Amino acid sequence: MVGNLQGCIVSNVLPGHLLPNVRVESKLDLSKYKFKKRFYNWLENNADLIYKAMDSDDKLNMYKTFLQSFDFDFNNIYDCMFFNNTKFRCYIENPKSKALNLPTTVRIEPTNHCNCNCITCAREKNTRPLGYMKFSDLKIIIDKFSKVENWYPFIFLYDKGEPLLHKDIFSMINYVGSRGYVVGLSTNCTLLDDDKIDSLLSCGLDSINVTFDTLDRDDFKIMRKGMDYDLVKSNIIKLVERNESVGHPLDICVSCVKNSLYTKDIDETRRFWESYPVDNFHVKFLGSFVTNSNLYSDSIEMFKDNPRSLCLIPFHHMHVSWNGNVNLCSGDFNDVYVTGNLLKDSVSEVWNGVKAQDLRSALIVDDFSFFKKCGLRCDLCNLPYVPDCTPRGLGIDFSF
């Protein structure tokens with residue numbers, strides 16, 4: 001079936017979850033945004049043509065020429081991001097083990113060290129060695145990305161640790177941005193001080209995600225072990241106000257993780273942060289980290305009434321650990337299923353090699369025996385039930 005294309009372009013052409021509900025012009029020229037909305041309406045009305053154009057490389061080249069006639073510029077990173085996301089959106093209608101698109105988002109882990117122990121995380125069950133990515137290794141990886149034609153994924157310098165613990169984090173951000181990529185960061189805000197805030201606003205960072213789940217002090221202390229409520233709150237406010245005072249160079253998303261311990265004041269928390277000049281308030285789902293979350297039972301219970309569907313994460317996300325290892329699962333906290341290493345392998349080898357294709361094949365047919373054999377227990381994970389991570393979030397019916 002041909003699904004509904006609405007929302008694909010806007011939600012993916014801007015970094016992360018920063019939808020253009022406040023300051024579109026800060027990251028994307030407003031006239032360009034309006035043009036893309038108009039073009040998106042055309043895409044939705046001509047979906048059959050788009051899907052046919054994705055059948056082969058030759059037709060894909062024809063589609064490129066066709067897009068160029070609509071003033072698309074493949075030297076423009078936002079147009080390249082849009083094009084790759086459109087390929088993913090079309091490809092996932094009839095997914096195969098070999099991905100037609102390249103990753104739309106790449107998470108690169110500066111470190112898996114963390115100064116906190118949030119109960120929504122899987123840190124207590126970590127079995128991976130702790131370490132810091134060398135700045136020289138980051139350069140190798142980014143330089144390898146830059147050799148791939150017309151590919152500009154959103155680079156998120158965060159995965160399983162606190163990036164502000166890395167001594168070279170601002171140099172890393174600057175290097176990624178200098179190579180033309182949209183770059184984002186996520187932080188628990190415990191380490192923010194005046195110097196770090198000034199560095200974040202001047203190093204070339206495009207977007208930042210900060211976590212603040214609840215205005216209830218007691219619930220906050222339960223959820224965010226090792227984090228001081230007043231310190232985190234004041235640090236976020238200081239970052240937001242400083243960002244505004246220098247012209248709003250940084251898109252700021254405040255997020256919370258919805259779970260059974262606190263859902264009562266999400267609206268109140270949202271209203272509080274939306275009274276400040278933030279770009280978005282995002283309510284994230286509670287992930288199970290396959291089976292490693294401290295709130296695993298809660299994460300399963302929240303989505304138990306949803307039908308099981310195809311998990312989209314390995315079809316458009318890549319995760320690079322501090323040592324260069326690549327996995328395609330946002331819940332693979334311990335690198336159980338590594339598809340390669342970007343310090344020695346090519347992008348195509350880690351993204352569409354045998355191990356990557358085997359995983360996608362198993363996901364497409366829901367091969368539980370494969371999950372048990374490889375150790376990545378996708379059969380016990382909650383992501384196939386979460387609308388945001390499945391084709392249902394794109395308007396496609398793909399239930400098992």
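The values are calculated or read from the model by the stated rules, or taken from the named source; none is laboratory data. Computed from a prediction, not measured in an experiment: that's the story for all the values here. Glycine gets a Cβ as well: all are built from the backbone with ideal geometry, and neighbour counts include every protein chain shown. Please note that ligands, DNA and RNA were not included when accessible areas were found on the heavy atoms of the full protein model with its side chains. Shrake-Rupley method; radii C 1.70, N 1.55, O 1.52, S 1.80 Å.
Look at the dipole of the stretch 241-297 built from charges on Cβ: of V278, V290, V257, the Cα furthest out on the positive end belongs to V290.
Stretched out straight at 0.36 nm per residue, the stretch from E301 to D228 would grow longer than its current Cα-Cα span by 23.4 nm. The relative contact order of the stretch 178-333 comes to 19 percent, based on Cα pairs under 8 Å that sit 6 or more residues apart.
Extents of the stretch 203-320, largest first, come to 46, 36, 25 Å (Cα atoms, principal axes, whole angstrom). Does a label point 7 Å from the Cα of R377, set along Cα-to-beta-carbon, have any residues of the stretch 297-332 with amide nitrogen under 12 Å, and which are they? Under cut-off, by backbone N: 297. Once all protein chains are placed together, T86 keeps about 10 Å² accessible to a 1.4 angstrom probe.
For the residues V320, V365, V246, a 1.4 Å probe over the protein chains yields an accessible-area ranking, largest first, of V365, V246, V320. Could you compute the FRET efficiency for I266 and N94, with r as their C-beta to C-beta distance and R0 at 25 Å, rounded to 0.05? Computed FRET efficiency for I266 and N94 comes out at 0.10.
Do the alpha carbons of any pairs in K125/K373; K139/K233; K87/K258 sit beyond 26 Å of each other, and which pairs? Among K125/K373; K139/K233; K87/K258, the Cα-Cα distance tops 26 Å for K139/K233; K87/K258.
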